[in-house]
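Trainee: Structure in structure tokens, see below.
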Amino acid sequence: MDSTDVIYQGLKDAGINFIVSVPCANLKKLLNLVDEDPEIKHIPVTREEEGFGICAGAYMGGMKPAILMQNSGLGNSVNVLASLIKLYNFPILIIISHRGTLGEGVYGQVPMSKATTKVFDSLDIRYIKVDNPNESEKIVKQTWDLAYISEEPIALLFDINYWKRSVDE
Ligand SMILES: O=C(O)C(=O)CS(=O)(=O)O
């Protein structure tokens, strides 16, 4: 198991069965695991705001939704998060590849990196920075469970160095 496998296992433990995604290089393996899983309906989308709307509909249809995205897409999602997801209390597990953090090589990733937590704070959306892959499976499951009972979206932030860390076997 590596740092991606434990996130995937947490999604399975949580019973997440509907996932939308906008790709990021750091999510490549997770996207493949999700796409190959017959128990998960995977919908790749072109913009994160579209994905949040689809997750809302899936939840109303009885599914347990998550979105896999890069933090840069949070900028595309402010209105849908405020005016639909938060307003009508949709639980969504938000798995974020947090780019622009230590080790980032792409300058264009820096502005949204600094804005990410401020945007979540302004929207009153809880977020958890996950640094230790050994805790990821439990955190992913518990975060969905908390999102579900509190009827709200909750984000997990995985920075650039997270994906380089190993899991204690
Ligand atoms: O591939 C990605 O994850 C990107 O966002 C493009 S780049 O910022 O890595 O160039």
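Trainee: Among the numbered criteria (1) surrounded by 15 or more Cβ atoms within 10 Å (Cβ to Cβ); (2) of a type in the set (A, V, I, L, M, F, W, C); (3) more than 13 Å from the ligand (Cβ to nearest atom), which one does Ala82 miss?
Mentor: Failed condition: (1).
Trainee: Still on this structure, I have one more. In the stretch 111-138, how many are more than 16 Å from Asn26 (Cα to Cα) and either within 13 Å of the ligand (Cβ to nearest atom) or touching a Leu at 6+ places or on another chain (Cβ under 7 Å) (or both)?
Mentor: 8
Trainee: Mind checking whether some residue in the stretch 130-137 is part of a helix (DSSP H, G or I) and in contact with a Gly (Cβ under 9 Å, 6 or more places away or on another chain)?
Mentor: Scanning the stretch 130-137, I find at least one residue that is part of a helix (DSSP H, G or I) and in contact with a Gly (Cβ under 9 Å, 6 or more places away or on another chain), so the answer is yes.
Trainee: Might you check whether a residue that is within 16 Å of the ligand (Cβ to nearest atom), over 22 Å from Lys141 (Cα atoms) and not basic (Lys, Arg) occurs anywhere in the stretch 28-36?
Mentor: Scanning the stretch 28-36, I find no residue that is within 16 Å of the ligand (Cβ to nearest atom), over 22 Å from Lys141 (Cα atoms) and not basic (Lys, Arg), so the answer is no.
Trainee: Does the stretch 86-107 hold any residues that are more than 20 Å from Leu68 (Cα to Cα) and either in contact with a strand residue (DSSP E or B) (Cβ under 9 Å, 6 or more places away or on another chain) or assigned to a helix (DSSP H, G or I) (or both), and which are they?
Mentor: Leu102, Gly103, Tyr107
Just so you know, all these numbers are worked out from the coordinates, no wet-lab data involved. On a predicted model such as this, the values are computed, not experimentally measured, just so you know. All Cβ positions, glycine included, derive from the backbone under ideal geometry; neighbour counts span all protein chains shown.
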